[in-house]
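*Asks:* Provided herewith is a single structure, encoded as structure tokens, for subsequent inquiry.
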Amino acid sequence: MTLIGMLHQRKDPRTVRKSYAFAIVAKAEGADFVYFSPKAINFVNKSIKGFIYENGVWKERIMPFPDVIYNDGSPEKLNKSKDIINRLREIIPFTTNSLGNKWNINERLKEGKEFSKYLIPSKIIKDLNDINTFLKDFKEVVIKPIDGRKGQGIYFIKTTKNGYLVNKNSEDTQFTEDEFSKLFESLLQKTAFIIQPYICSKTKGGLAFDFRLHIQKDGEGEWVITTIYPRIAPNGTIITNINNGGYTNYLEPFLKQEFANEEAYNIKRTLEHFSLALARHLDELQMLEYQEVIDEIGVDIGLDQDQKIWIYEVNWRPGCPPAFYLEMDVVKNTIRYAMYLAKNQEKIRQKIQQLKHKNMEKRHIPIIAITGSAGKTTTKSFIASILKTRMNIFESKDYWNTTEHTKKHADEIDSSHQAIVLEYGMAYPGVITEHCTIIQPNISVVTNIGMAHIGNFNGDIRQVAHAKSELIHGMDQEGTLLINNDDENSKYLEKEKFRGKIITTGINTPADYRGYDVSYAENGMNFKMKLHGEVISFFIPIFGKHHVYNAINAIAVADYLGFSAMEIRSGLLFRKPPRRMTIYHLNKSITLIDDTVHATPQAVIAAIDVLKNIAPKRKIAILGQMRELGDLRDEQYQKVGKILVEQEINIIITYGFRVDAIGTGAIMAGFPPEKVKHFLDKDLLHKYLLEILDVGDTILVKGASKTHMFDTVKFIETTFGEVE
């Protein structure tokens, strides 16, 4: 059975009248019910010390965590327990979520645009000039507390020959200009107010009225109208709230009394349609902005003399209607929806993701995904850094590139983001397809096709390209695709049926975006590109020609999105991902290169090129395993050994199972055997380093992250210490 919890700041349920109705209806609907307060929560054993209702009596019990929680407490009084409640929200779904105060809701509806035409012009009052400006424009205004409830603290104001007429609590008071100034200067110091023009909604008898629309979700998670009823103010005031002397009526008799028959029917249908449409709209805005749903709203609206609807305010916890014996109807909907919510979390999560995707498509925001055998993270970081110069973006964390990570990203992305930059990793067929079903990109970058995970693809580079091509098949088919023209294996990518725009990048071959004059600088790389007929010089604060390719991809994406050369140059001065060509300048003029996140043959060869180009004296390569190469392992290791010889590396040190094949390849290519060392014990490797490291050495440490080569980086850095 579903266990429904009611959270309240009061410990004793007997002091909360609503608790009885909830307990009784829950039992009738086949659910268990427990009442509890924040101090009753035990996170260690996931239990609460709450109250259950049995045989007309509340009994204290130790209960497991509820499946769903109805939050009925006062937001202000529960605020002191917000850390506990926020922690609880991460574990258990809440039926009730805050829409914010009057101003927040007003601003959200403005941004959503669909219902902005129904909003009364509003302003947060900063000083008396705001009131006078509104009075000059609208003649009659209403001032209300931004966090007000139940019609409290509302002022009706209009100007007169002698000053100002102010109505509060059914009483008219005439103020001179000085008296008025003193009154509102005092009020504004105590709380925040908003000001609106007065919308005249009056009965034939001259009484102010409005409509309360009460809408809830039912047991299917759908919005239903609980009730719509008019609220009529007593004579001499515009405040219709029941707590201030207002009264209610049934909708149809009221409409027939105030309007012609056909007119009354049309107004009723309009109010019903408006109720459900506004509820769905606010629910969607809540999903887009906060990744959560709402369950109930109360909307107060007026009709002007032209029968145009105006939204007075939206209440996210409206309470039960004060008449018509509807209390049990309201509770029944709440309980049934709570049971639905408890059982349909995955369905709701998928709905939120679908809504986000539709919203991103509607807003045409760039959704950029990067895949490839090497360079994904750095390319992602370059692109994000450039886009941040102008946009509020969502960027996946460094190395967060699994499908589980993409699911988390889908939950975190909201309507404030103007661009999305993600990294899609894969080790097996079908993985990138899953990425794309979670978040479909409209701009895709394939950095290259290399040996990463080739052991999972029968040693066939074409199969790797086929798996990477899932990004092309899964992205928006009218989108934009970037491909590396210099990468020989990228010719196997399946782009023939792609209908969108294809952009090529490169250095050695003609391309849409081509870098040239690539050179090593003191702390990174210099290169040039021609953009829109103008030659632009670029610098990136990371070593390696392979990172120039990553930068060119980022430049191509940014230029395609309309970023200026100045913005691009600024964005390329990025925060480098950790352990990617991180340079340590140590004592004894020793330079240490940390590149210990991933290791593929392609990446190792690129790192060796950096070692050769920045080392002033002796060059030492410490290399660990390159994983998932399958039957190609020894062949690729020996190829790396040969490259080490060609790049004139002075000492080769290898670590890990079968990695000695690198040294074998080097010796076969003519490298002195005495300059090759292999270790299976990291402590012995470190002891050897103490024996050989000397002034002016440059050391590259490279290996798959699972071999923990960073331990060696820490050892060298700790032993010699960084230059202060």
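The values are calculated or read from the model by the stated rules, or taken from the named source; none is laboratory data. Everything numeric here is computed off the predicted structure, so don't read it as measured data. Here the Cβ positions follow ideal geometry from the backbone for every residue, glycine too, while neighbour counts run over all protein chains shown.
Yes/no per residue for (1) in contact with a Cys (Cβ under 8 Å, 6 or more places away or on another chain); (2) over 24 Å from Y584 (Cα atoms); (3) of a type in the set (V, I, T):
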| position | (1), (2), (3) |
| --- | --- |
| G641 | no, yes, no |
| T664 | no, yes, yes |
| P672 | no, yes, no |
| H686 | no, no, no |
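*Asks:* Could you grab me the full set of residues in the stretch 1-55 that are part of a helix (DSSP H, G or I) and within 33 Å of the chain's Cα centre (by Cα)?
*Replies:* P38, K39, A40
*Asks:* Looking at M529, is it surrounded by 20 or more Cβ atoms within 10 Å (Cβ to Cβ), among the hydrophobic types (A, V, I, L, M, F, W, C), more than 26 Å from L629 (Cβ to Cβ) and out of contact with any Leu (no Cβ under 9 Å at 6 or more places or on another chain)?
*Replies:* Judged against the criteria, M529 is a match.
*Asks:* What number of residues within the stretch 357-385 are within 13 Å of N553 (Cα to Cα), at pLDDT 95 or above and of a type in the set (V, I, T)?
*Replies:* Matching residues across the stretch 357-385 total 5.
*Asks:* Cβ-Cβ below 6 Å, separation at least six or inter-chain, first residue in the stretch 605-627 and on the phi < 0 side of the Ramachandran plot and in contact (Cβ under 8 Å) with a residue 40 or more places away in the chain, second acidic (D, E) and part of a loop (DSSP other than H, G, I, E, B): which pairs?
*Replies:* Going by the 6 Å Cβ cut-off, the qualifying pairs are R618/D697; I620/D697.
*Asks:* For the list (1) in a strand (DSSP E or B); (2) in the same structural domain as A554 (by TED's automatic domain parsing), I need the number of the one condition that L592 fails.
*Replies:* Of the numbered conditions (1) in a strand (DSSP E or B); (2) in the same structural domain as A554 (by TED's automatic domain parsing), the odd one out for L592 is (2).
*Asks:* Next question. Taking the condition over 38 Å from the mean Cα position of the chain (by Cα), part of a loop (DSSP other than H, G, I, E, B) and more than 17 Å from D594 (Cα to Cα), does E691 pass?
*Replies:* no
*Asks:* Which count do you get for residues in the stretch 304-346 that are of a type in the set (D, E) and in contact (Cβ under 8 Å) with a residue 60 or more places away in the chain?
*Replies:* Qualifying residue count for the region: 4.
*Asks:* Does F180 satisfy being aromatic (F, W, Y), without any contact (Cβ under 8 Å) to a residue 60 or more places away in the chain and crowded, with 18+ Cβ neighbours inside 10 Å?
*Replies:* Considered against the rule, which asks whether it is aromatic (F, W, Y), without any contact (Cβ under 8 Å) to a residue 60 or more places away in the chain and crowded, with 18+ Cβ neighbours inside 10 Å, F180 comes out as yes.
*Asks:* Taking the criterion of being over 32 Å from the mean Cα position of the chain (by Cα) and not aliphatic (A, V, I, L, M), would at least one residue in the stretch 215-224 satisfy it?
*Replies:* No, every residue in the stretch 215-224 fails to be over 32 Å from the mean Cα position of the chain (by Cα) and not aliphatic (A, V, I, L, M).
*Asks:* Then there's this: Which of the following residues is closer than 23 Å to D634 by Cβ and touching a residue at least 40 places away in the same chain (Cβ under 8 Å): G474, G459?
*Replies:* Answer to the selection: G459.
*Asks:* So how many residues does the stretch 370-397 have that are outside any helix (DSSP H, G or I) and within 16 Å of the chain's Cα centre (by Cα)?
*Replies:* Looking only at that region, the number is 8.
*Asks:* Which numbered condition trips up I583, out of (1) within 26 Å of S537 (Cα to Cα); (2) among the hydrophobic types (A, V, I, L, M, F, W, C); (3) part of a helix (DSSP H, G or I)?
*Replies:* (3)
*Asks:* Additional query: Can you name the residue in the stretch 418-454 that is assigned to a helix (DSSP H, G or I) and of a type outside the set (S, T, N, Q) and, of all such residues, is farthest from Q353 (Cα to Cα)?
*Replies:* Ranking the candidates gives I454 first.
*Asks:* Which of the residues that make up the stretch 279-295 are part of a helix (DSSP H, G or I), touching a helix residue (DSSP H, G or I) at 6+ places or on another chain (Cβ under 8 Å) and buried (at least 18 other Cβ atoms within 10 Å of the Cβ)?
*Replies:* L282, E284, L285, M287, L288
*Asks:* Assuming A264 fulfils every condition listed in (1) over 25 Å from K356 (Cβ atoms); (2) in contact (Cβ under 8 Å) with a residue 60 or more places away in the chain; (3) touching an Asp or Glu at 6+ places or on another chain (Cβ under 9 Å); (4) among the hydrophobic types (A, V, I, L, M, F, W, C) apart from one, which condition is it?
*Replies:* (2)
*Asks:* In the stretch 245-277, which residue that is surrounded by 14 or more Cβ atoms within 10 Å (Cβ to Cβ) and β-branched (V, I, T) is modelled with the highest pLDDT?
*Replies:* Ranking the candidates gives I267 first.
*Asks:* Please list, ordered by first then second residue, the pairs with beta carbon atoms under 9 Å, 6 or more apart or interchain, first in the stretch 389-417 and closer than 16 Å to K358 by Cα, second surrounded by fewer than 17 Cβ atoms within 10 Å (Cβ to Cβ) and acidic (D, E).
*Replies:* Pairs that qualify, where the first residue is closer than 16 Å to K358 by Cα and the partner is surrounded by fewer than 17 Cβ atoms within 10 Å (Cβ to Cβ) and acidic (D, E), are D414/E289; S415/E111; S415/E289; S416/E289.
*Asks:* Does the stretch 553-588 hold any residues that are out of contact with any Asp or Glu (no Cβ under 9 Å at 6 or more places or on another chain) and of a type in the set (G, A, S), and which are they?
*Replies:* Those that are out of contact with any Asp or Glu (no Cβ under 9 Å at 6 or more places or on another chain) and of a type in the set (G, A, S): A554, G562, S564, S570, G571.
*Asks:* Now a separate question. Does any residue in the stretch 529-544 that is modelled with pLDDT of 95 or more come within less than 7 Å, Cβ to Cβ, of a residue that is exposed (fewer than 14 other Cβ atoms within 10 Å of the Cβ) and outside any strand (DSSP E or B) six or more places away or on a different chain, and which pairs are these?
*Replies:* Final answer for the pair search is F539/A521.
*Asks:* Suppose we keep only residues that are hydrophobic (A, V, I, L, M, F, W, C) and under 23 Å from Y399 (Cα atoms) within the stretch 569-596. Which one would you say is surrounded by the fewest Cβ atoms within 10 Å (Cβ to Cβ)?
*Replies:* L573
*Asks:* Any residue that is at negative phi, assigned to a helix (DSSP H, G or I), among the β-branched types (V, I, T) and surrounded by fewer than 21 Cβ atoms within 10 Å (Cβ to Cβ) - is there at least one of those in the stretch 403-415?
*Replies:* Yes, some residue in the stretch 403-415 is at negative phi, assigned to a helix (DSSP H, G or I), among the β-branched types (V, I, T) and surrounded by fewer than 21 Cβ atoms within 10 Å (Cβ to Cβ).
*Asks:* Related question: List every residue pair whose Cβ atoms lie under 9 Å apart, where the two residues are 6 or more positions apart in sequence or sit on different chains, the first residue falls within the stretch 280-297 and is closer than 14 Å to R108 by Cα, and the second residue, located anywhere, is part of a helix (DSSP H, G or I) and basic (K, R).
*Replies:* These pairs meet every condition: L282/R108; L285/R108; Q286/R108; M287/K351; M287/K356; L288/K356; E289/R108.
*Asks:* Moving on to the next point. Within the group N79, N86, N104, N97, which residue is surrounded by 12 or more Cβ atoms within 10 Å (Cβ to Cβ), in a helix (DSSP H, G or I) and under 31 Å from the mean Cα position of the chain (by Cα)?
*Replies:* The unique qualifying residue is N104.
*Asks:* Still on this structure, I have one more. Counting only residues that are among the hydroxyl-bearing types (S, T, Y) and more than 21 Å from I297 (Cβ to Cβ), how many does the stretch 220-249 have?
*Replies:* Selection size over the stretch 220-249: 2.
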